[in-house]
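Colleague: Quick one: the structure is below, questions incoming.
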Amino acid sequence: MPTAEQNEPIQVFRAGNDRLLVRLPYSKDRVERMRSIKGRRWESDVKCWSLLESDQILPHLRHVFRDEQIEV
């Protein structure tokens with residue numbers, strides 16, 4: 001049975017430094033999928049993943065997490 005966190009949407013925010021912040025409710029599967037994205041990094045101070053903003057990154061993120069709800 002999924003936990004409450006596993007039902008939470010993935011949230012994407014624009015950071016001021018040409019990066020997107022991704023709040024990823026924890027699951028081992030989600031972390032593995034996020035780690036498959038080139039150029040991603042963990043921002044420990046804000047406890048979010050960050051991705052270099054580009055025209056291709058949101059479509060790629062939606063593809064990687066195609067079975068998940070994503071709020072931008």
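Colleague: Let me confirm something: among Val22, Val31, which residue is in a strand (DSSP E or B), among the aliphatic types (A, V, I, L, M) and free of Cβ contacts under 8 Å to residues at least 40 places away in the same chain?
Modeller: Answer to the check: Val22.
Colleague: Could we say that Gln6 is modelled with pLDDT of 95 or more and of a type outside the set (A, V, I, L, M, F, W, C) here? Don't jump to the end; show me each part of the working.
Modeller: Working: modelled with pLDDT of 95 or more: no; of a type outside the set (A, V, I, L, M, F, W, C): yes.
Answer is no for this residue.
Colleague: Residues that are within 12 Å of the chain's Cα centre (by Cα), open to solvent by less than 30 Å² (accessible area, probe 1.4 Å) and among the charged types (D, E, K, R): does segment 26-42 have at least one?
Modeller: yes
Colleague: Restricting to segment 43-57, what's the tally of residues that are surrounded by 13 or more Cβ atoms within 10 Å (Cβ to Cβ) and polar (S, T, N, Q)?
Modeller: 1
Colleague: Among the residues of segment 38-63, how many are within 16 Å of Gln11 (Cβ to Cβ) and part of a loop (DSSP other than H, G, I, E, B)?
Modeller: 4
Colleague: Give segment 6-19 a look and list any residue that's out of contact with any helix residue (DSSP H, G or I) (no Cβ under 8 Å at 6 or more places or on another chain) and assigned to a strand (DSSP E or B), or say none. It would help to see each step written out before you state the result.
Modeller: Here is the first cut: in segment 6-19, the ones out of contact with any helix residue (DSSP H, G or I) (no Cβ under 8 Å at 6 or more places or on another chain) are 6-9, 11, 13-19.
Answer for segment 6-19, where residues must be out of contact with any helix residue (DSSP H, G or I) (no Cβ under 8 Å at 6 or more places or on another chain) and assigned to a strand (DSSP E or B): Gln11, Phe13, Arg14, Arg19.
Colleague: What is the number of the single condition among (1) more than 12 Å from the chain's Cα centre (by Cα); (2) surrounded by 10 or more Cβ atoms within 10 Å (Cβ to Cβ) that Gly16 does not meet?
Modeller: So the condition that Gly16 fails would be (2).
The values are calculated or read from the model by the stated rules, or taken from the named source; none is laboratory data. Remember, predicted model here, so these are calculated numbers, not experimental data. Please note: Cβ atoms are built from the backbone with ideal geometry, for glycine as well, and neighbour counts cover all protein chains shown. All accessible areas refer to the heavy atoms of the entire protein, side chains included, with ligands and DNA or RNA removed. Shrake-Rupley method; radii C 1.70, N 1.55, O 1.52, S 1.80 Å.
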